[in-house]
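Q: Supplied in structure tokens, the structure appears directly below.
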Amino acid sequence: QVQLVESGGGLVQAGGSLRLSCAASGRTFSKYVMGWFRQAPGKEREFVATISQGGDSTYYADSVKGRFTIFRDNAKNTVFLQMNSLKPEDTAVYYCAARSSWFVGSRAAPDEYPFWGQGTQVTVSS
């Protein structure tokens with residue numbers, strides 16, 4: 001298994017940028033598909049983005065496409081979420097997650113990811 005720790009959350013004004021990081025333990029980070037999800041108060045956990053093991057394939061939710069970028073540095077056991085042009089509706093707790101396969105199941109379903117970090121708060125003010 002893998003342990004995940006998110007960081008980089010904070011308060012930013014609408015239109016601003018923020019970069020989230022997720023550090024993974026162990027030596028098998030490159031074997032995991034990584035994803036970012038978010039959850040606002042009173043709402044279901046929502047898919048944001050995912051990236052394949054080698055970093056050559058990505059998939060984004062329509063709500064963040066063109067604004068957010070997911071990338072990873074396997075040598076540093078870290079996956080990132082670069083968030084630009086932030087909107088108040090982006091406010092949520094952001095979680096990173098890991099799964100073993102790029103092809104099996106749904107890449108956007110939280111239930112398909114067995115490993116999760118503790119989350120980091122992102123607040124976008126208007």
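Q: Please state which of the following conditions residue 16 fails to meet, knowing it meets all the rest: (1) assigned to a loop (DSSP other than H, G, I, E, B); (2) under 16 Å from the mean Cα position of the chain (by Cα); (3) among the small types (Gly, Ala, Ser).
A: Going through the list (1) assigned to a loop (DSSP other than H, G, I, E, B); (2) under 16 Å from the mean Cα position of the chain (by Cα); (3) among the small types (Gly, Ala, Ser), residue 16 breaks only (2).
Q: I've got another one for you. Among the residues that make up the range 25-34, is at least one of them farther than 18 Å from residue 115 by Cα, open to solvent by 50 Å² or more (accessible area, probe 1.4 Å) and outside any strand (DSSP E or B)? Break it down into steps so the answer makes sense when it comes.
A: Quick first cut of the range 25-34, residues farther than 18 Å from residue 115 by Cα only: none.
No, there is no match, as no residue in the range 25-34 is farther than 18 Å from residue 115 by Cα, open to solvent by 50 Å² or more (accessible area, probe 1.4 Å) and outside any strand (DSSP E or B).
Q: Please go through the range 13-22 and pick out each residue that is on the phi < 0 side of the Ramachandran plot and open to solvent by 50 Å² or more (accessible area, probe 1.4 Å).
A: Passing the criteria: 13, 14, 17, 19.
Q: Step by step: first the residues of the range 1-11, then only those that are open to solvent by 20 Å² or more (accessible area, probe 1.4 Å) and of a type in the set (A, V, I, L, M), then the one that is farthest from the chain's Cα centre (by Cα). Which residue is that?
A: Top of the filtered list is 11.
Q: Any residue that is in contact with a Lys or Arg (Cβ under 8 Å, 6 or more places away or on another chain) and farther than 23 Å from residue 26 by Cβ - is there at least one of those in the range 106-122? Walk me through it before giving the result.
A: Of the residues in the range 106-122, the ones in contact with a Lys or Arg (Cβ under 8 Å, 6 or more places away or on another chain) are 110, 112-115, 122.
From what is left, the residues that are farther than 23 Å from residue 26 by Cβ are 122.
Taking every residue of the range 106-122 in turn, at least one turns out to be in contact with a Lys or Arg (Cβ under 8 Å, 6 or more places away or on another chain) and farther than 23 Å from residue 26 by Cβ.
Q: How many residues does the range 110-122 contain that are farther than 14 Å from residue 2 by Cβ and open to solvent by 50 Å² or more (accessible area, probe 1.4 Å)?
A: Residues that pass the stated criteria total 3.
Q: Going by the conditions given, is residue 80 in contact with a strand residue (DSSP E or B) (Cβ under 9 Å, 6 or more places away or on another chain), within 20 Å of residue 5 (Cβ to Cβ) and modelled with pLDDT of 95 or more?
A: So residue 80 passes the test.
Q: Something else: Scan (1) at pLDDT 95 or above; (2) under 21 Å from residue 72 (Cβ atoms) for the single condition residue 87 breaks and write down its number.
A: If we test residue 87 against (1) at pLDDT 95 or above; (2) under 21 Å from residue 72 (Cβ atoms), just (2) comes out false.
Q: Still on this structure, please answer the following. Within the range 39-109, which strands (runs of 3 or more DSSP E) (wholly inside it) include 2 or more residues that are among the aromatic types (Phe, Trp, Tyr), touching a residue at least 40 places away in the same chain (Cβ under 8 Å) and open to solvent by less than 40 Å² (accessible area, probe 1.4 Å)?
A: Of the strands (runs of 3 or more DSSP E) lying wholly inside the range 39-109, those with at least 2 residues that are among the aromatic types (Phe, Trp, Tyr), touching a residue at least 40 places away in the same chain (Cβ under 8 Å) and open to solvent by less than 40 Å² (accessible area, probe 1.4 Å) span 92-99.
Q: Kindly indicate whether residue 26 is modelled with pLDDT of 95 or more and not charged (D, E, K, R).
A: no
The values are calculated or read from the model by the stated rules, or taken from the named source; none is laboratory data. All values reported here derive from a predicted model rather than from experimental measurement. A quick note on method: Cβ atoms are made from the backbone with ideal geometry, for glycine too, and the neighbour counts reach across all protein chains shown. Surface areas here come from the heavy atoms of the whole protein model, side chains and all, with no ligands, DNA or RNA. Shrake-Rupley method; radii C 1.70, N 1.55, O 1.52, S 1.80 Å.
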